Amino acid sequence: MAKTTSDLIVERLLDWGIDTCFGICGDAVNGFFEALRTHSDRIRFVHVRHEENAALAAVGYAKFTGHPAACVSTAGPGAVHILNGLYDAQLDKVPVVAVTGMTYHDVIGAHLLQDLNSDYLFRDACVFSERVMGPAHAVNATDLAVRKAFDNPGPAHLAIPVDIQSQTEDTNSPKNPAGHTSLASQAEVRTPPQEQLQRAAEVLAQCRRVVVLAGAGARGAGDLVEQVADTLGLRS
């Protein structure tokens, strides 16, 4: 059978190593949930009681496992609810991929029930937010979303009109040849200027009682924190 837009997105998330999704079903994401169902042997879906909990659960999962997760909500109020959890991901720099439904592609902006341009709404909370326009767009958009979430850690978002989710027929434009995108990613590495490191070392060297309080900014730098502690004699 031909793959739907949702099939392509779910399979690409799996290619990136995202195999857990938190959320609640709703009419505007039925097509995406069908893809989750048909791929249930590879991707785990965790049902929650509220869309905000879906995003917060994905954030917590990523924080404590070091493994990114996805979250999904329906259109309109469901999409609005998921925003709070994504702001938490933004503040703590946690990679999460959110998927929200939208109304039918040809009545967007026509004030149909739960009509909300969530691709615009999510741009303040997310490092990437885009509307998926069909099967030919699915892999490109997913790659960009995940790459942005990884490289500049934070939440990324894909909004999919409900009829587009189950669409199977599409034509690539001449500017979108098959196979031109990839799973390549380059994590952002921030290194303070040498003079700032030297200044910090001089301050610490003059202190007699030093306590290390390592927050989210030290995530992934545990070995370096331990080296600092050993150098300062903070551990017996």
Going by what's in this entry, would E34 be described as of a type outside the set (A, V, I, L, M, F, W, C), part of a helix (DSSP H, G or I), in contact (Cβ under 8 Å) with a residue 60 or more places away in the chain and in the same structural domain as G134 (by TED's automatic domain parsing)?
yes
When you scan the stretch 188-222, how many residues do you find that are surrounded by 10 or more Cβ atoms within 10 Å (Cβ to Cβ) and touching an Asp or Glu at 6+ places or on another chain (Cβ under 7 Å)?
1
Output for Cβ contacts, cut-off 8 Å, separation at least six or different chains, first residue in a loop (DSSP other than H, G, I, E, B) in the stretch 151-168, second among the hydroxyl-bearing types (S, T, Y) and surrounded by fewer than 24 Cβ atoms within 10 Å (Cβ to Cβ), reads S166/T4; Q167/T4; T168/T4
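Sort out which residues of the stretch 59-75 are crowded, with 20+ Cβ neighbours inside 10 Å and either touching a Gly at 6+ places or on another chain (Cβ under 7 Å) or part of a loop (DSSP other than H, G, I, E, B) (or both), and write them in order of number.
V59, P68, C71, V72, S73, T74, A75
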Within the stretch 157-169, can one find any residue that is within 15 Å of V96 (Cβ to Cβ) and loosely packed, with under 15 Cβ neighbours inside 10 Å?
no
Those residues of the stretch 26-54 which are crowded, with 17+ Cβ neighbours inside 10 Å, hydrophobic (A, V, I, L, M, F, W, C) and over 18 Å from T142 (Cβ atoms) amount to A28, V48, A54
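The values are calculated or read from the model by the stated rules, or taken from the named source; none is laboratory data. Please read all numbers here as calculations on a predicted model, not as lab measurements. FYI the Cβ positions are ideal-geometry reconstructions off the backbone, even for glycines, and counts take in every protein chain you see.
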